[in-house]
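The values are calculated or read from the model by the stated rules, or taken from the named source; none is laboratory data. On a predicted model such as this, the values are computed, not experimentally measured, just so you know. Using ideal geometry, Cβ is built from the backbone for each residue, glycine included, and neighbour counts are taken over all protein chains shown. Just so you know, the surface numbers come from the protein's heavy atoms only, side chains and all, with ligands and any DNA or RNA stripped out. Shrake-Rupley method; radii C 1.70, N 1.55, O 1.52, S 1.80 Å.
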Amino acid sequence: MKVYYNPEKEKIEKILCRPFENDRNAKKSVREIIRNVRRRGDAALYEYAQIFDSSELETLFVSEEEIEKSENGLDDDLKSAVLTAASNIRKFHESQMMNEKKVSTMDGVKLWRVSRPIERVGLYVPGGSAPLFSTVLMLAIPAQIARCKDIMIATPAKNGKVNDAILFAAKISGVRKILKVGGAQAIAAFAYGTESIKRRDKIFGPGNRYVNIAKKMVSEDVAIDMFAGPSEVMVVIDRFSSARYAALDLLSQAEHGEDSQVVLLIREDEKKGRKVLSSVMKELEKEIATLARRKIIEKALSSSAVIISEDENLIIDAINEYAPEHLILNTRNHMDMLERVCNAGSIFLGPYSSESCGDYASGVNHSLPTSAQAKFTGGVSLDSFIKKITVEKISRKGAEELSRAVMTMAAAEGLDAHKRAMEVRLD
């Protein structure tokens, strides 16, 4: 980890620059996959399942029997944990439902908005080295609350079988359409459809770089939630923080992948900051030795950064410039700092709000903006599955009230039909 002591504000952007990866070859491969799926449909999906996942599929979709039997392969503790997470996620997303108020802008002019679900949605769920059944809950539950009519999950099968935890999460979330296909080919199927798959109106979900490249490529033709990945966390601590908590918060994000981004900010002067950093590094070394994904973590940490500064303004500037996917504020004055944070995907306050809680079971959504997208968008929410339609109802009185403004503006823009459409209603 590279350490910077009280850097100049102008250098923060360069210090926190996300590693650039040349994806030329990956883009070429993804482009060919998309082209092949559009041309050959289901046949291409069967072929790619064999090539990438070693799965000779008899059918593209998980059967009802497989879904019903999924919980038989899970222990009671895991099932209970998934049910707890599902309950909390449902409560939080149901709280986001709002009734639109009608507004009268003038006498006889009533305006309001109505919410309508996006009808066909595709939910991508990674299922490789870490089958993310938690992502099923994060996407399927708000889609159900929004009352999307056609919800389909895509996740790779291994040897023809989808992970039982993914199937169980889908079952309790009310989703029965589960495609046994992953990767860029699943995104292409969602975007353009095949013989057995209706094209989706919007695609959701995280994935590896091939999945994200595919989402970018199809985004001209179909809506997507965001470009998700690589994973990021920014941890802010001071001398009152637990070094062990900080170390494990960094490690929990680093283990997602070699290209994961972890940043540590220490709000102390250089002397005290060195002591804090030393304590964190000792905890990192101790904990890494016990973790199964050690090599992945070490690769991620090698490109990570540490900033030490007693200047809170500089710390806040660093946060808002980087716009992290996950931001952990574990300082004594974290509530004061919260008020000054403008850019972050999800914020975790105090010593006990670990990023793991948000990833799994607290109820917030873990599908969050990365790569500084938090500067202009938030994470997945109920609103992500809903479109807002404006409605107006204008009476004769309202038309009379509006007529002068409408006709004057239409005439000034040279749009005579607009003016006449108003005039005839007043004759």
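Entry comment: accessible area of the range 302-352 is 39 Å² per residue, from protein heavy atoms only and a probe of 1.4 Å. Centre-to-centre separation between the Cα atoms of the range 1-60 and those of the range 161-182: 23 Å.
If the chain linking residue 84 and residue 42 were pulled fully straight, counting 0.36 nm for each residue of separation and taking away their Cα-Cα distance, it would gain 11.4 nm.
With r defined as the distance between the Cβ atoms of residue 258 and residue 113 and R0 fixed at 30 Å, what FRET efficiency is calculated, to the nearest 0.05?
The calculated FRET efficiency here is 0.10.
Taking a straight line from the alpha carbon of residue 397, these lysines sit under 17 Å away, with near neighbours fewer than eight places off in the same chain left out: 110. Between residue 397 and residue 11, the simple spin-label model (points 7 angstrom out along Cα→Cβ) gives 6.8 nm. Note on the chain: dipole from Cβ charges, positive end direction compared against 354, 86, 62; the farthest Cα belongs to 62. FRET efficiency for the residue 321 to residue 285 pair, using the beta carbon distance and R₀ = 35 Å, is estimated at 0.75.
Using Cβ point charges alone (K and R +1, D and E -1), the dipole size of the chain about the Cα centre works out to roughly 900 debye. How high is the relative contact order of the range 104-150, in percent, counting Cα pairs under 8 Å that sit 6 or more residues apart? This gives 44 percent for the range 104-150.
In percent, what relative contact order does the chain have, based on Cα pairs under 8 Å that are 6 or more apart in sequence?
21 percent
Using helices alone, what [θ] at 222 nm do you get for the chain, with -39,500 (n - 2.57) per DSSP H run of 4 or more residues, divided over all residues and rounded to the nearest 500? It lands at -13500 deg cm²/dmol.
Return the subset of 79/158; 28/295; 27/69; 69/295; 275/299 for which the Cα-Cα distance in this structure is over 31 Å, preserving the input order. Exceeds cut-off: 27/69; 69/295.
Per residue, the convex hull spanned by the alpha carbons of the chain comes to 194 Å³. Taking the Cα centre of the range 96-189 as reference, the dipole from Cβ charges on Lys and Arg (+1) and Asp and Glu (-1) amounts to some 200 debye. Computed with every protein chain present, the accessible area of residue 66 is close to 60 Å² [probe 1.4 Å].
So if R0 is 51 Å, what FRET efficiency would residue 99 and residue 158 give, r being the distance between their Cβ atoms, rounded to the nearest 0.05?
0.70
Expressed as a whole percentage, what fraction of the accessible surface of the range 74-211 belongs to carbon and sulfur atoms when a 1.4 Å probe is rolled over the protein heavy atoms? Answer for the range 74-211: carbon and sulfur cover 50 percent of the accessible area. Available extension along the chain between residue 299 and residue 381 is 26.3 nm, counting 0.36 nm per residue and deducting the alpha carbon span. For the range 351-427, the relative contact order works out to 17 percent when only alpha carbon pairs closer than 8 Å and six or more residues apart are counted. Rounded, prolate or oblate, given the Cα gyration tensor of the range 105-176, with a/c below 1.5 counting as rounded? Prolate is the answer for the range 105-176, as a/c is 1.5 or above and a/b outweighs b/c. Computed extension gain for residue 389 through residue 223, at 0.36 nm per residue and net of the alpha carbon distance, reaches 58.1 nm.
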